[in-house]
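S.K.: So that we are looking at the same thing, I have put the structure below in structure tokens.
All of the numbers you see were taken from the coordinates with simple rules; none came from a lab. Values in this document were obtained by computation on a predicted structure and should not be read as measured data. Here the Cβ positions follow ideal geometry from the backbone for every residue, glycine too, while neighbour counts run over all protein chains shown.
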Amino acid sequence: MIKLRDLEYLDAIAKYRHFSQAAEACFVSQPTLSGQLIKLEEQLNLQLIERHKRNVMLTPAGEQLVKLARKVLSAAKDFEDSAKALLDPMAGDLHIGLIPTLAPYLLPHIMEGLNNQFPNINFYLHENKTNLLLKDLNEGKLDLIILSWLEDMLDFERYQLFEEPLVLAVYPGHPLFERDTVRLNDLNGQLLLTLEDGHCLRDQALGYCFSAGAKEDHQFDATSLETLRYMVSSKRGITMLPALSTVNTSSNNTIKYINFEEPQPIREISLLVRPNYARTECIRSIVGSIRHSIKAILRE
């Protein structure tokens, strides 16, 4: 009989490609993990792992079976969560994933309310790029994720949280610096600094920029919003930033944030869970708490 623990070991090897690191992640000794995987291979009569002195690789069979293993582990976690939800849907561990362009600016406004409203829930926070968050949610490693909504996310259940405006960040001396508001077509012919590939905000901002006739500044790709902010204040270019990233960071003598006139460029911030996720009551309460916490902030 194949045990769930053996599938966890296989999943860890696929993730870390290293016996010591995989064993540490599974809280077992390396000999224990290695021995159990050998037994699993013998039981299946298949080689799952290529063992080399410096690295570990999965065989083609291993690559195929680890995908199934993750589905089984996800189903087992859902089963456990369903049982816990029957006892108390507002208790237990909850793993939340957020994108880097949102996490540091949203969490300070929502965590106090969540901790106060749900004292029996242990919140675990994980920051990663969109594609990795979706993967971890699908595999059951995360319970919910909060990110900017894209049309290709239809495989998940969605709760819309709020619409976040994008603002223009410019430096003193730029032709738009003295403006109180701008229109999208004011970007016609402008070069805009952007984030590197992998950030959904990059694609959304570029969509608005291209429609307005702006172009991407290819001389620099930022890894974070803070890098973009620094580049603008250094007079290296202008960019679009989410409104939450400018809260408590007012315009000054090195950078100015300018609101767009209607129609404003926005991104839709949503909470996603797997279809038929067990803790529906808990998720709906969390959605309500976040909406309440962020409403006043965006109004300001």
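S.K.: Considering the options Ser234, Asn185, Asn248, tell which one lies farthest towards the positive end of the dipole of the stretch 164-266, charges being +1 on Lys and Arg and -1 on Asp and Glu at the Cβ, about the Cα centre.
M.R.: It is Ser234, whose Cα lies furthest towards the positive end.
S.K.: Also, I was wondering about something else. Let me have the 222 nm mean residue ellipticity of the chain computed from DSSP H runs of 4+ only, each contributing -39500 (n - 2.57), with the sum over all residues rounded to the nearest 500.
M.R.: -14000 deg cm²/dmol
S.K.: Moving to a separate point now. Find which of Val170, Ser34, Leu65 sits farthest along the positive direction of the dipole of the chain, computed with +1 on the beta-carbon of Lys and Arg, -1 on that of Asp and Glu, about the Cα centre.
M.R.: Ser34
S.K.: Something else now. Where the only charges are on Cβ atoms (+1 Lys, Arg; -1 Asp, Glu), what is the dipole of the stretch 134-188 about its Cα centre, to the nearest 20 debye? It would help to have the intermediate numbers written out before the result.
M.R.: On the way: 5 positive and 12 negative charges, 43 e Å.
Computed about the Cα centre, the dipole is about 200 debye.
S.K.: Given that just one value was derived from the coordinates, which of (1) 20.9; (2) 21.8; (3) 19.4 is Kirkwood radius over Cα pairs in Å?
M.R.: It is the one labelled (2).
S.K.: With r defined as the distance between the Cβ atoms of Ser74 and Thr254 and R0 fixed at 41 Å, what FRET efficiency is calculated, to the nearest 0.05?
M.R.: My answer for the efficiency is 0.30.
S.K.: Starting at the first residue of the stretch 149-166, write each ³J(HN,Hα) from the Karplus equation 6.51 cos²θ - 1.76 cosθ + 1.60 with θ = phi - 60°, in whole Hz, x for Gly and Pro.
M.R.: Per-residue couplings from phi come out as 5, 10, 5, 8, 9, 5, 6, 10, 7, 10, 10, 6, 9, 6, 9, 9, x, 9 Hz.
S.K.: So which trypsin sites (Lys or Arg not before Pro) in the stretch 7-56 pass both tests, a DSSP loop state and at most 16 other Cβ atoms within 10 Å of the Cβ?
M.R.: Sparse-neighbourhood loop trypsin sites (Lys or Arg not before Pro): Arg17, Lys53, Arg54.
S.K.: Report the one residue of Ser289, Phe260, Leu206 whose Cα lies farthest in the direction of the positive end of the charge dipole of the stretch 167-300 (charges on C-beta: Lys and Arg +1, Asp and Glu -1; origin at the Cα centre).
M.R.: So the residue we want is Ser289.
S.K.: Anything over 28 Å Cα to Cα? Flag those among Lys39/Lys71; Lys71/Lys295; Lys15/Lys39; Lys15/Lys129, in the order listed.
M.R.: In this structure, Lys71/Lys295 lie more than 28 Å apart at Cα.
S.K.: To the nearest 20 debye, what charge dipole does the chain have about its Cα centre, counting +1 at the Cβ of each Lys and Arg and -1 at the Cβ of each Asp and Glu?
M.R.: 500 debye
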